[in-house]
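Let me begin by presenting the structure, written as structure tokens, before commenting on it.
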Amino acid sequence: QVQLVESGGGLVQAGNSLRLSCAASLRTFSNYDMGWFRQAPGKEREFVAALSRGGASTYYADSVKGRFTISRDNAKNMGYLQMNSLKFEDTAIYYCAADLHPATVVARTYAHWGQGTQVTVSS
């Protein structure tokens with residue numbers, strides 16, 4: 001059973017930074033591509049960023065490009081999302097996801113999900 005646990009969310013002022021972490025209970029985390037998605041109240045879950053298993057390929061939503069950075073440490077079974085220059089519209093629950101198949105921007109293609117961590121940005 002794959003478990004993903006996000007942490008690092010919180011309340012921040014616009015313009016500040018947060019770093020989200022995703023702890024994976026996988027000895028073979030390096031076999032999984034990973035992604036970050038978010039869901040704001042009343043909206044559908046949307047793609048934020050994705051990273052290939054070896055870390056060579058990254059993908060970002062246009063809305064976060066240049067501000068967010070996805071990374072991973074396979075030796076520690078950890079994934080990260082560094083979020084800089086946060087905006088009010090970044091407010092959402094952020095989810096970590098993983099899958100054995102190559103990363104996509106489509107949520108339903110990911111088999112494994114964390115429970116989410118709340119990020120609230122005050123304007």
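Those residues that are of a type in the set (S, T, N, Q) and either open to solvent by 70 Å² or more (accessible area, probe 1.4 Å) or in contact (Cβ under 8 Å) with a residue 40 or more places away in the chain (or both), I need them from the range 2-59; list them, please. If you could, list the steps in order and put the result at the bottom.
Going through the range 2-59, the residues of a type in the set (S, T, N, Q) turn out to be 3, 7, 13, 16-17, 21, 25, 28, 30-31, 39, 52, 57-58.
If the condition is that a residue be of a type in the set (S, T, N, Q) and either open to solvent by 70 Å² or more (accessible area, probe 1.4 Å) or in contact (Cβ under 8 Å) with a residue 40 or more places away in the chain (or both), then Q3, S7, Q13, N16, S17, S21, S25, S30, N31, Q39, S52, S57 are the ones that fit.
Select from the range 60-106 the residues that are acidic (D, E) and either in contact (Cβ under 8 Å) with a residue 24 or more places away in the chain or under 14 Å from A23 (Cα atoms) (or both) and list them in ascending order. Full working, then the answer.
We begin by selecting, within the range 60-106, every residue acidic (D, E); these are 62, 73, 89-90, 99.
Those that are acidic (D, E) and either in contact (Cβ under 8 Å) with a residue 24 or more places away in the chain or under 14 Å from A23 (Cα atoms) (or both): D73, E89, D90, D99.
Please specify each residue of the range 78-123 satisfying the condition of being assigned to a loop (DSSP other than H, G, I, E, B) and aliphatic (A, V, I, L, M).
Restricting attention to the range 78-123, the residues satisfying the condition of being assigned to a loop (DSSP other than H, G, I, E, B) are 84-87, 91, 100-106, 110-111, 115-116, 123.
Residues satisfying the conditions are L86, L100, A103, V105, V106, A111.
So that you can scan it fast, the table gives a plain yes or no per residue for (1) under 19 Å from G116 (Cβ atoms); (2) aromatic (F, W, Y); (3) within 12 Å of the chain's Cα centre (by Cα):
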position	(1), (2), (3)
L20	yes, no, yes
S25	yes, no, no
G35	yes, no, yes
Q39	yes, no, yes
F47	yes, yes, yes
S57	no, no, no
D62	no, no, no
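Can you spot a residue in the range 91-99 that is over 23 Å from T120 (Cα atoms) and either buried (at least 16 other Cβ atoms within 10 Å of the Cβ) or out of contact with any Phe, Trp or Tyr (no Cβ under 7 Å at 6 or more places or on another chain) (or both)? Steps first, please.
Step one: filter the range 91-99 for residues over 23 Å from T120 (Cα atoms), giving 98-99.
So of that shortlist, the ones also either buried (at least 16 other Cβ atoms within 10 Å of the Cβ) or out of contact with any Phe, Trp or Tyr (no Cβ under 7 Å at 6 or more places or on another chain) (or both) come out as 98-99.
Among the residues of the range 91-99, at least one is over 23 Å from T120 (Cα atoms) and either buried (at least 16 other Cβ atoms within 10 Å of the Cβ) or out of contact with any Phe, Trp or Tyr (no Cβ under 7 Å at 6 or more places or on another chain) (or both), which makes the answer yes.
The values are calculated or read from the model by the stated rules, or taken from the named source; none is laboratory data. Here the structure is a predicted model, which is why all the values come from computation and not from measurement. Positions of Cβ are generated from backbone atoms using ideal geometry, with glycine treated the same way; all protein chains shown enter the neighbour counts. Note: accessible area is taken over every heavy atom of the protein model, side chains too, but ligands, DNA and RNA are not part of it. Shrake-Rupley method; radii C 1.70, N 1.55, O 1.52, S 1.80 Å.
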